[in-house]
Amino acid sequence: MTVLSCPEARSMVSDYIDGDLPPALARSLEEHLQSCPWCPPLYASLVETLADLKAHDDAAGVERLVARVLDAIARPSDGP
Ligand SMILES: [Zn+2]
């Protein structure tokens, strides 16, 4: 099994949400989300907000949010 670092896992999150991630990588990402203390809250808030925007059919809002959130979560959460 591949062990992902946080930056690796975070770089895959958008593809994972879109269903574009190969099954083996999706599995590794799920394993990371289960064992990592930092990524799951970020992932959960992204999924939640995306679902909300999609429910309102706000495609432009979804794109803006994805860009903003991915930029935010790509930064280390445990350092300056
Ligand atoms: Zn992580």
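Observations on the model:
- Selected residue (criterion: surrounded by the fewest Cβ atoms within 10 Å (Cβ to Cβ)) from residues of segment 13-57 that are within 11 Å of the ligand (Cβ to nearest atom) and within 9 Å of the chain's Cα centre (by Cα): Pro40
- Residue satisfying all of: in segment 1-11; among the hydrophobic types (A, V, I, L, M, F, W, C) and modelled with pLDDT of 90 or more; farthest from the ligand (Cβ to nearest atom) among these: Leu4
The values are calculated or read from the model by the stated rules, or taken from the named source; none is laboratory data. Fair warning: this is a prediction, and the values are worked out from it, not measured in the lab. Positions of Cβ are generated from backbone atoms using ideal geometry, with glycine treated the same way; all protein chains shown enter the neighbour counts.
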